[in-house]
Amino acid sequence: MAEGSSIPSSLESVETPVGLIDLRRVRANAERVARYCAEHDIKWRPHTKTHKTPEVARIECEAGARGLTVATPREAEVMATVCRDLLLAYPVVGAQKLARLMALDPSVKLSVALDSETVLDSLAQAAAAHQRQVDVLIELDLGSRRVGLETPEQLLKLARRTQELAGTRFSGVMFHVGHIGTGSNYDALIAQVASDLQRFLDALDAAGLRAEVVSGGNTPALWRSHEIPHLNEMRAGTYIFNDRDSVASGAATWNDVAYSVLATVVSVSVSGQAVIDAGSKALAKEALGHARGYGVVLGEDDAVVSGLSEEHGVIDLTTTSFRPKVGDRVRIVPNHVCVSVNLQDVLLAVDGTTHHTWPVLARGREAFRAGLR
Ligand SMILES: Cc1ncc(COP(=O)(O)O)c(C=O)c1O
């Protein structure tokens with residue numbers, strides 16, 4: 001059963017729906033991962049796409065993160081105000097995005113992950129033109145079937161080219177184990193990732209090249225990251241707030257869930273259900289494997305949000321004794337927190353009996369505002 005942490009009285013009349021975070025749990029989540037990484041001698045570089053909020057990134061850095069991961073130029077610009085060691089874990093394509101990266105403060109140590117000569121060449125050219133040195137992590141496909149090179153020969157070719165070009169330096173390899181998650185056979189998949197990775201690293205070794213950085217890690221497989229030999233950098237992101245998927249995957253318990261959407265019950269007129277003011281525009285309509293619905297009520301996790309339209313969320317009451325009334329407030333844990341956070345203007349960060357209002361600053365593209373379109 002999820003334990004609903006208490007919320008301060010100052011939030012009793014706040015307009016809903018709104019994203020809440022419990023700072024006690026956020027700090028505990030960050031500290032737990034910091035301890036794990038220290039214990040296994042892994043550099044911790046959390047992915048900030050989950051919170052997109054500089055104040056939360058600061059909590060991660062204070063807990064021991066030694067770099068941050070970003071996916072967009074906007075995230076890079078915002079996170080550069082918090083940390084001077086950024087990894088853009090996304091192939092940067094397009095002059096506008098490159099220009100924004102190159103405009104980051106020169107004191108920012110920038111690494112970029114990529115998997116093609118096209119991206120490498122344009123990055124190297126931009127870096128050289130801006131007198132920057134960019135560390136390149138070459139992305140490998142170790143089973144997620146998204147981006148990443150498929151063979152050691154491709155890796156060697158791209159690594160050599162990275163070294164040849166002015167402006168870039170071959171720093172290592174990265175991979176995303178997005179195929180390992182709820183319902184996976186973890187033992188088999190981790191063993192497969194480890195042996196596939198070894199083939200790539202052996203090829204580098206034989207060619208006299210070395211991957212200083214071996215970057216991986218996601219939340220579902222977070223606590224098993226050390227079982228992948230040579231992995232020395234970990235990029236989990238979701239762990240900071242957790243969600244229904246984190247609990248389903250076994251990576252977190254309900255008591256580690258730090259994010260919920262505060263919503264108000266607006267109708268109970270149709271029997272067997274309650275309708276809240278948080279729909280797909282607050283919770284995100286993300287499926288969770290074969291599980292029913294799009295989220296659960298915090299503290300009543302058998303009360304499932306079984307349907308969503310844009311501004312309506314339907315809580316199924318047929319499988320629970322929970323009986324909310326119109327005007328009651330509920331807190332919903334979405335299936336996938338990152339997408340829900342991206343729908344919020346601000347996060348209300350609850351700190352004991354008080355709260356802070358933190359804009360989700362790294363959301364959006366901002367290219368138009370920056371005049372760079
Ligand atoms: C490149 C990359 N690294 C790290 C992560 C973090 O994974 P998680 O959100 O499961 O913690 C993601 C997730 O999308 C990712 O795409």
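The values are calculated or read from the model by the stated rules, or taken from the named source; none is laboratory data. Bear in mind the structure is a predicted one, so any value in this text is a computation, not a measurement. Heads up, the Cβs are rebuilt from the backbone with ideal geometry, glycines too, and the neighbour counts pull from every protein chain shown. For accessibility, only protein heavy atoms count, side chains too; no ligands or nucleic acids. Shrake-Rupley method; radii C 1.70, N 1.55, O 1.52, S 1.80 Å.
Scanning region 62-73 for residues that are more than 16 Å from the ligand (Cβ to nearest atom) and either part of a helix (DSSP H, G or I) or at pLDDT below 95 (or both) gives a single hit, GLU62.
Within region 214-243, being more than 10 Å from the ligand (Cβ to nearest atom), within 16 Å of THR182 (Cα to Cα) and open to solvent by less than 30 Å² (accessible area, probe 1.4 Å) holds for one residue alone: SER225. Taking the criterion of being without any contact (Cβ under 8 Å) to a residue 24 or more places away in the chain and part of a helix (DSSP H, G or I), would at least one residue in region 40-61 satisfy it? Within region 40-61 (the criterion being without any contact (Cβ under 8 Å) to a residue 24 or more places away in the chain and part of a helix (DSSP H, G or I)), the answer is yes, since at least one residue qualifies. Among the residues of region 109-129, those identified as surrounded by fewer than 17 Cβ atoms within 10 Å (Cβ to Cβ) and closer than 20 Å to GLU77 by Cβ are LYS109, ALA129.
Test ALA303 against the criterion of being assigned to a loop (DSSP other than H, G, I, E, B), in contact with a strand residue (DSSP E or B) (Cβ under 6 Å, 6 or more places away or on another chain) and of a type in the set (Gly, Ala, Ser), and give yes or no. In short, no.
Of the strands (runs of 3 or more DSSP E) lying entirely inside region 310-352, those containing at least 1 residues that are small (Gly, Ala, Ser) and in contact with a Gly (Cβ under 7 Å, 6 or more places away or on another chain) span 313-316.
Every test in (1) in contact (Cβ under 8 Å) with a residue 12 or more places away in the chain; (2) open to solvent by less than 50 Å² (accessible area, probe 1.4 Å) is passed by GLY94 save one, and that test is (1). Scanning region 261-300 for residues that are of a type in the set (A, V, I, L, M) and over 27 Å from THR182 (Cβ atoms), we see that the one that is least open to solvent (accessible area, probe 1.4 Å) is VAL265. Going by what's in this entry, would ALA95 be described as farther than 14 Å from SER215 by Cα, out of contact with any Asp or Glu (no Cβ under 9 Å at 6 or more places or on another chain) and either within 15 Å of the ligand (Cβ to nearest atom) or modelled with pLDDT under 95 (or both)? Spelling it out, it is not the case that ALA95 is farther than 14 Å from SER215 by Cα, out of contact with any Asp or Glu (no Cβ under 9 Å at 6 or more places or on another chain) and either within 15 Å of the ligand (Cβ to nearest atom) or modelled with pLDDT under 95 (or both).
Scanning region 191-213 for residues that are open to solvent by 10 Å² or more (accessible area, probe 1.4 Å) and either in a loop (DSSP other than H, G, I, E, B) or under 25 Å from THR48 (Cβ atoms) (or both) yields ALA207, GLY208, LEU209, ARG210, ALA211, GLU212, VAL213.
Quick check on this structure: which one of GLY183, GLY167, GLY216, GLY172 is touching a residue at least 24 places away in the same chain (Cβ under 8 Å), touching an Asp or Glu at 6+ places or on another chain (Cβ under 9 Å) and on the phi > 0 side of the Ramachandran plot? So the residue among GLY183, GLY167, GLY216, GLY172 that is touching a residue at least 24 places away in the same chain (Cβ under 8 Å), touching an Asp or Glu at 6+ places or on another chain (Cβ under 9 Å) and on the phi > 0 side of the Ramachandran plot is GLY172.
When each of SER260, SER267, SER280 is tested for being under 20 Å from the mean Cα position of the chain (by Cα), more than 12 Å from the ligand (Cβ to nearest atom) and without any contact (Cβ under 8 Å) to a residue 60 or more places away in the chain, the lone residue that passes is SER280.
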